[in-house]
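Trainee: Structure incoming, see below.
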Amino acid sequence: MPEQAADDLLEIILNRYSAKKSTLLTSNRLVEDWGKLLRDNTASSAILDRLLHHGHLLKFEGKSYRLKEAASRISQSKQKKQDEKGKNMDLSKEDL
């Protein structure tokens, strides 16, 4: 991440907080890891303080729907290719 990432994010959050605007933020990182991720514990603490002051923290566990859907598409694609391959083999048997 860029060096100024924490400061930039803090500025956005502070502006939205002071204007009492809604903010929706998603992350696959634990809240405890934000200081390390943004390389600024002070800014990360201020960001989290503003986000969680009147906010709701939703924690989802389990497999990602995107990964599940991607695996399903890959499986369907493989099955389709196998089906097409089987049809081609049946056609070539008819030629004999």
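Trainee: Does segment 42-62 include one or more residues that are surrounded by 10 or more Cβ atoms within 10 Å (Cβ to Cβ) and over 30 Å from R16 (Cα atoms)?
Mentor: Scanning segment 42-62, I find no residue that is surrounded by 10 or more Cβ atoms within 10 Å (Cβ to Cβ) and over 30 Å from R16 (Cα atoms), so the answer is no.
Trainee: Of all residues being in contact with a helix residue (DSSP H, G or I) (Cβ under 6 Å, 6 or more places away or on another chain) and of a type in the set (S, T, Y) in segment 11-41, which is surrounded by the most Cβ atoms within 10 Å (Cβ to Cβ)? Just the residue, please.
Mentor: Y17
Trainee: Let me ask something else. Looking at this structure, is K80 at pLDDT 80 or above, in a helix (DSSP H, G or I) and among the basic types (K, R)?
Mentor: yes
The values are calculated or read from the model by the stated rules, or taken from the named source; none is laboratory data. None of these values were measured; they are calculated from a predicted model. As a convention, Cβ positions derive from the backbone with ideal geometry for all residues, glycine included, and neighbour counts pool all protein chains shown.
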